[in-house]
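Here's the structure we're looking at; comments come further down.
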Amino acid sequence: MSPYALSMLMSSLAVGTIVTLSSHHWFLAWMGLEINTLAIIPLMTKMHHPRAAESATKYFLTQASASALILFSTTINAWMTGEWTIMNMTNPTPTVILTLALAIKLGIAPFHLWLPDVLQGLNMLTCLILSTWQKLAPMALMMLTSHQLNTNLLIAMALMSTIIGGWGGLNQTQMRKIMAYSSIAHLGWMILVISFAPSLALLNLLIYLVLTSSMFLMLLTLNSTNTNKLSISWLKTPTLAASMMVTLMALGGLPPTSGFLPKWLILQEMTKQHLGALSALMAMSALLSLFFYIRLSYTISMTSPPNISNSSLTWRKKKNLTYVIPILIIMSATMMPITPTLLLLN
């Protein structure tokens, strides 16, 4: 792809998200979401492969349906209230339709089926953009309207997302599908607490962005697209392979890594809301995700490839790491000490 075209598309992605984040009018927010969708589709199809074209088609149809539902719900709300303000979603019918539309855009269960298939047909860099940057605008709209959304619907979708996100990743060998189910599970934790404490949902989103970005950048550096390639990562970059194990533990939510921080605070908030049974179910569903993260760590550290590769293999990967990956790895492992500060702010 031409550098000029690439810079234009990346600028459009940034503009679309910024327009949605800074808007107070529903039509302007919808325009930002549309710019976002149209900007990423050429990035998805730049590989010129049938799987990439299939992923782009699935993504376009899903996002177009969700955008139509958003426009439909906001039009009904404007018809009933006479206002297009984002913060004014008072009628229950358009609010439920809006919740479902944003769930489709984010890939929250039971509207998650498009996400693993779409990610599997893309390269790692586009998967990184789709799993991180593309979540910002819909999640911002959900946070802005969180005080008016149906809490029972959000809790049901959150529990379903964490269970499906953990269960779906158990039998996967492709890293992109594993990261897709990981994204579904993390989104479940975000929308669980979004109507009780939006600040905790924002914290969870920020830590999710750090962990997912570091994981995708490491997979991109090691060129590991499945578990077999992951098992020979020690031969390429031993330090990066060890760091990936720490990041996997952080994604699973094990202390003392950064991934434990949002889960701990969310479970604490749920028990304050007298939702002890729901907290127990969420904690048990997190064990499903933790299992396949531990299995990946085992694959990295204690297994060898099942067959002898016919291709030449570099004993040490002579590729200078960027400064971004070490910073993200350090953030993935060392954000627990700021917990008292976050509790004071909350």
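The values are calculated or read from the model by the stated rules, or taken from the named source; none is laboratory data. None of the values given here were measured: they were computed from a predicted structure. Virtual Cβ from ideal backbone geometry, glycine too; neighbours counted across all protein chains shown. The accessibility values were calculated without ligands, DNA or RNA, using every heavy atom of the protein model including side chains. Shrake-Rupley method; radii C 1.70, N 1.55, O 1.52, S 1.80 Å.
Phi-derived couplings, Karplus 6.51 cos²θ - 1.76 cosθ + 1.60 at θ = phi - 60°, listed residue by residue for the range 8-20: 5, 5, 5, 5, 5, 4, 5, 5, x, 5, 5, 4, 5 Hz, with x used for Gly and Pro. Would the range 1-96 count as rounded, prolate or oblate if I go by the C-alpha gyration tensor, calling it rounded below 1.5 in a/c and otherwise prolate when a/b exceeds b/c, oblate otherwise? Note, shape of the range 1-96 comes out oblate. Label sites at L71 and T57, each approximated as a point 7 angstrom past Cα along Cα to Cβ, lie 2.3 nm apart. In this structure the amide hydrogen of K46, modeled in the peptide plane, comes within under 5 Å of no amide hydrogen from residues 5 or more places off or on another chain. Between W234 and W167, how high is the FRET efficiency from 1/(1 + (r/R0)^6) when r is the Cβ-Cβ distance and R₀ = 30 Å? Nearest 0.05. For R0 = 30 Å, the calculated efficiency reads 0.55. Model label points for L220 and I18, set 7 angstrom from Cα along the Cα-to-Cβ axis, are 2.1 nm apart. Proximity of backbone amide H atoms, modeled 1.01 Å from N, is registered between T237 and K317 at under 5 Å, excluding neighbours fewer than 5 places apart on the same chain. On a 0 to 90° scale, report how tilted helix 276-302 is relative to the longest principal axis of the chain, with both axes built from alpha carbons and the result rounded to the nearest 10. That works out to roughly 30 degrees.
Here the sum of -39500 (n - 2.57) over DSSP H runs of 4 or more residues, divided by the residues of the chain, equals -24000 deg cm²/dmol at 222 nm, to the nearest 500. Rounded to the nearest Hz, the phi-derived 3J(HN,Hα) couplings of the range 119-136 under the Karplus curve 6.51 cos²θ - 1.76 cosθ + 1.60 (θ = phi - 60°) are 5, 5, x, 10, 7, 5, 5, 5, 4, 4, 5, 5, 8, 10, 4, 6, 7, 5, where x marks glycine and proline.
Surface calculation, 1.4 Å probe, protein heavy atoms: M284 sits at approximately 110 Å² accessible. By a 1.4 Å probe calculation restricted to protein chains, I76 has an accessible surface near 30 Å², given to the nearest 10. Which of G121, G32, G82 ends up with the largest GNM mean-square fluctuation for the chain, with Cα atoms connected below 10 Å? Its mean-square fluctuation being the largest, the pick is G82.
Residue order by solvent-accessible surface for Y293, Y181 is Y181, Y293, largest first, with ligands and nucleic acids left out and a 1.4 Å probe. Computed from backbone phi with θ = phi - 60° and the Karplus coefficients 6.51, -1.76 and 1.60, the 3J(HN,Hα) list for the range 324-339 is 6, 5, x, 4, 5, 5, 4, 5, 5, 9, 10, 9, 4, x, 8, 4 Hz; x is used for glycine and proline. If R0 is taken as 30 Å, the Cβ-Cβ distance between T151 and H25 corresponds to a FRET efficiency of 0.70. For M80, the accessible area of its heavy atoms, probed at 1.4 Å with every protein chain present, is near 100 square angstrom.
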